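Colleague: First, the structure itself, so that you have it in front of you.
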Amino acid sequence: MEVPDVRRRLRAAIEEAKRRAAERRVRVDEASRQYDDFLTRAAVPAFRAVAQALAGEGHRFKVLTPGSAVRLTAEYSADDHIELVLDTDRDEPALVVNTSRGRGRRSVTSERTVFEGRPIAEIAEDDVIDALLHEVVQLLER
């Protein structure tokens, strides 16, 4: 293959990469805007409702909002928590639930993508509660 052909293909690949990067930035910006609204509209109220329900069942949890996330943390151990965050490192931004459970001297963590393929603006408080309950049950199992 001739060098000019390789250079032409290289320029085309570079242009395609720039186009994809610009499109990804647009997707991330839109997801970030929707996520900020989603936090105040659905996520934080859902986490607070679950924390109150847990307190009624004798499990003390508190809701924290570190940075641009919402976290349900056990009062008896800061190692036990469930956190909902926006993962913008992926090609398509997505909501991720990070769960951490303290087991003696070690910590077990898991990460699960939720509501994949759904626009963040369409996710309701009830949807967040469903996802959160799935994680809470696993957190409470000992």
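Values in this text are rule-based calculations from the coordinates and carry no lab data. Source: prediction; values computed, not measured. Ideal geometry is used to build each Cβ from the backbone, glycine not excepted, and the neighbour counts take in all protein chains shown.
Colleague: Filter region 72-131 for residues that are among the polar types (S, T, N, Q) and not in a strand (DSSP E or B); which is nearest to Val26 (Cα to Cα)?
Modeller: Once the filter is applied, the top-ranked residue is Thr88.
Colleague: For region 132-142, which residues satisfy the criterion of being over 16 Å from the mean Cα position of the chain (by Cα) and either under 22 Å from Thr40 (Cβ atoms) or part of a loop (DSSP other than H, G, I, E, B) (or both)?
Modeller: Across region 132-142, the qualifying residues are Glu141, Arg142.
Colleague: Considering region 43-60 alone, what residues qualify as being farther than 13 Å from Thr73 by Cα, among the aliphatic types (A, V, I, L, M) and surrounded by fewer than 15 Cβ atoms within 10 Å (Cβ to Cβ)?
Modeller: Result: Ala53, single match.
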